[in-house]
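The values are calculated or read from the model by the stated rules, or taken from the named source; none is laboratory data. Because the structure is a prediction, the values reported are computed rather than measured. All Cβ positions, even for glycine, are placed from backbone atoms using ideal geometry, and neighbour counts span all protein chains on display.
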Amino acid sequence: MQVIREPLRTALSKDAYFDAYLMDQYEDLEPERLRPAAVIAPGGGYAFVSPREGEPVALALLAKGCQAFVLHYSVGPEHRFPTALLELAEAVRLIRRHAAEWHVNPQAIIGVGFSAGGHLVASLGTLIAQKVLAGYQADEIRLNGMMLGYPVITSGEFKEPGSFDQLIGPDASPALRLQVSLERQVSAQTPPTFLWTTMTDETVPVENSIRFAEALHEHDVACELHIFPAGRHGLSLATRESWSQQHDYGKEPVVAQWLPLFGTWLQQFM
C-alpha cells in the first residue's frame, strides 16, 4: 500500500487536501484491476475533521476492495458554505482524472460521509445541478453512490444546530437554510445511497436519515437504510479501531454490522 497526500485548491480555499490510501498491484493478483474509490468525509460538526472517521475507515474499506481517500476539508467559522462542498467536488474530479494511475474505476466513485461529513457528501449528491457547482462539469464530479453514517441532513425540525451554525452561520437567510436542508434537494439524479444510524442518537436525531430515505424513495432512487436499536452519536466503525479511549465510547458490536452490510452493498460496483 502507498499513501499519497494531494492538495486541493479551489476558488475559495487553498489548504484542503486528501490522503489517498492505494493498494499495490501485483502480477498474480489482477494487475489491471480497477477498484471503486471511497471518498471519505469525516464528521466534526463542520468545526473540525474527526480522525476517528478518517484513517480507520479508510483501512477498513481497503479491506473491502476499495481505494480510499480521506478528505481534510475546510471548516467554520472561518470557512462557510460552499467552501467544503467545492473541495469535495475538486477531490472527486482529481480522483476521476487520475483513475488509471490510481487503479480506480471512474464509474464507481462512492462518497462516504459521517455526521456533518455525511451532509457534505449528500450535498454533492443532491446539489450537483445547482448554481453553486456551476464551475464544474457534472460528469467530472458526479458521485456514483453514497454511504451516509448518522448524517446531518435537515435544517428543519430535527436539525443539529451546531453543524448549521458552522456551515452557514447563525444569521443565514431562510433561502440558504432551505438550500442546505438536503431532504428537500433530492432528485431522480441523486445517486444510490446506503444509510445507517441508531435509534438513540441524541446529537443527530434518527429522523435525519428517515427523512432522507423517504425523499429518495419518492424519487425512485435506490436506498438501503439500517437503523440500529442503540448507540450514541459518532460511532464510526463501532469497533476498537475507532474507539475513543478519552471518552470511553465507540465499541458497539451490533452497530459494527454496518460495515459488512455496506461491503455487500458495494458489490454492485465491483
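Worth a mention:
- Total residues in the stretch 74-90, condition of a type outside the set (A, V, I, L, M, F, W, C) and assigned to a helix (DSSP H, G or I): 3
- Some residue of the stretch 240-248 being modelled with pLDDT under 95, of a type in the set (Ser, Thr, Tyr) and under 19 Å from the mean Cα position of the chain (by Cα): yes
- Neighbours by Cβ (under 7 Å, 6+ apart or cross-chain): first from the stretch 248-265, within 11 Å of His226 (Cβ to Cβ) and free of Cβ contacts under 8 Å to residues at least 40 places away in the same chain; second hydrophobic (A, V, I, L, M, F, W, C) and surrounded by 17 or more Cβ atoms within 10 Å (Cβ to Cβ): Val254/Phe228
- Boolean, Val49 is buried (at least 20 other Cβ atoms within 10 Å of the Cβ) and in a loop (DSSP other than H, G, I, E, B): yes
- Listed here are the helices (runs of 4 or more DSSP H) enclosed by the stretch 116-189 that have at least 1 residues being touching a residue at least 40 places away in the same chain (Cβ under 8 Å) and either more than 16 Å from Val92 (Cα to Cα) or aromatic (Phe, Trp, Tyr) (or both): 116-126, 161-168, 174-179.
- Comparison of His98, His79, His72 shows that the only residue that is without any contact (Cβ under 8 Å) to a residue 12 or more places away in the chain, more than 21 Å from Ala256 (Cα to Cα) and surrounded by 13 or more Cβ atoms within 10 Å (Cβ to Cβ) is His98.
- Subset tally (residues that are surrounded by fewer than 15 Cβ atoms within 10 Å (Cβ to Cβ) and either touching a helix residue (DSSP H, G or I) at 6+ places or on another chain (Cβ under 6 Å) or on the phi > 0 side of the Ramachandran plot (or both)) for the stretch 175-190: 0
- Leading residue by the ranking (nearest to the chain's Cα centre (by Cα)) among those in the stretch 63-86 that are more than 19 Å from Ser173 (Cα to Cα) and β-branched (Val, Ile, Thr): Val70
- Scan the stretch 34-69 for residues that are polar (S, T, N, Q) and touching a residue at least 60 places away in the same chain (Cβ under 8 Å) and the total you get is 1.
- Residue match in the stretch 143-152 (condition: touching a helix residue (DSSP H, G or I) at 6+ places or on another chain (Cβ under 9 Å), farther than 27 Å from Val254 by Cβ and buried (at least 21 other Cβ atoms within 10 Å of the Cβ)): yes
- When Val254, Val221 are checked against the criterion of being of a type in the set (Val, Ile, Thr) and under 17 Å from Pro191 (Cα atoms), a single residue qualifies: Val221.
- Hits in the stretch 7-46 (condition: touching a Cys at 6+ places or on another chain (Cβ under 9 Å) and either hydrophobic (A, V, I, L, M, F, W, C) or assigned to a helix (DSSP H, G or I) (or both)): Met23, Ala37, Ala38
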